[in-house]
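Okay, so here's the structure we're looking at.
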Amino acid sequence: KSYKCKIKDTSMTKKIDLYTVSCTTGLALTGQKATVMCTLNGLTVRPEITWDLASGTYKSEIDDANKAGGVIKIKLEITSLKKDTAAKLSILSPDGNTQHVTLHAYVTALSASSTTVQHGEKAKLTCTVKGAVSAPSKVTFKDGTTVLANVAQGALVNGMMTATVTTANTVTADKTFTCEFEIGENKYTANPKVDVIKLTAVAVSAVPAGSPYTFTCSYSESLENYKMIWSVVKGKKTNTKG
């Protein structure tokens, strides 16, 4: 917009650039690169910019290829995001006006829970995201390249959300699956693991009535964190081991 002022017989025109600024939020895993984009709409001349970051190293670029159309883009890359960070952007337009914008980059973490099932059972897989500023637009669980169906997503509460799915097929060996969360333009992956325990009962030969006999079960994994429980349908149990 232009204004005109007149002093005696002399007049001058002062142009004031009116524009808007819209910025994204940066998300990244700890130590990885976070990218924040700002778009200036209505500014046709490349501005001067300065950054003030609370922490972290960064680099910045200005894309003014479409400035004739009134669109200028500014990109900020925080090269190694260690913690949630606020960045203050100062934009000095050619008319001498300065606009300040505060942007944010958040550390996002995706974790997977391991589970143990008995041989031949289905497994429930669980992944949890923390530090998310918005709910994932897509959550996918995979068994190799096969996408698992019927994923249940919880609500995003204080930046945390959990998603679960039950495997379509029974699990017969230790296996690692993949979960993928899409948040904004970023994708995060984690690997829920399933440990399989296989118990095998050893057959007991016939014994005379009233004589003691032994049942034996063998297992395929270490059960040091588990307790073996025996039950007897008929008779008396003694000397349980394991």
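The values are calculated or read from the model by the stated rules, or taken from the named source; none is laboratory data. The shown structure was predicted, so the numbers you read here are calculated from the model rather than taken from an experiment. Note: ideal-geometry Cβ built from the backbone for every residue, glycine included; neighbour counts use all protein chains shown. For the accessible areas, the whole protein counts, side chains as well, though only heavy atoms, and no ligand, DNA or RNA atoms are used. Shrake-Rupley method; radii C 1.70, N 1.55, O 1.52, S 1.80 Å.
The set of residues from region 46-64 being at pLDDT 90 or above and part of a loop (DSSP other than H, G, I, E, B) comprises Arg46, Pro47, Asp64.
Test Thr162 against the stated conditions and say whether it is in contact with a strand residue (DSSP E or B) (Cβ under 8 Å, 6 or more places away or on another chain), over 12 Å from Pro136 (Cβ atoms) and of a type in the set (Val, Ile, Thr). Let's see the steps before the verdict.
Values: in contact with a strand residue (DSSP E or B) (Cβ under 8 Å, 6 or more places away or on another chain): yes; over 12 Å from Pro136 (Cβ atoms): no; of a type in the set (Val, Ile, Thr): yes.
Answer is no for this residue.
Residue count for region 133-142 under the criterion of being of a type outside the set (Ser, Thr, Tyr), open to solvent by less than 50 Å² (accessible area, probe 1.4 Å) and part of a strand (DSSP E or B): the result is 2.
Go through the residues of region 103-121 one by one and say whether even a single one is charged (D, E, K, R) and touching a Lys or Arg at 6+ places or on another chain (Cβ under 9 Å). No, because not a single residue in region 103-121 is charged (D, E, K, R) and touching a Lys or Arg at 6+ places or on another chain (Cβ under 9 Å). Counting residues that are touching a strand residue (DSSP E or B) at 6+ places or on another chain (Cβ under 6 Å) and open to solvent by 60 Å² or more (accessible area, probe 1.4 Å), which strands (runs of 3 or more DSSP E) fully inside region 76-130 reach at least 3? Hits in region 76-130: 98-107.
Highlighted here are the strands (runs of 3 or more DSSP E) found entirely within region 143-223 that include at least 1 residues which are at pLDDT 90 or above: 161-166, 178-183, 186-190, 193-197.
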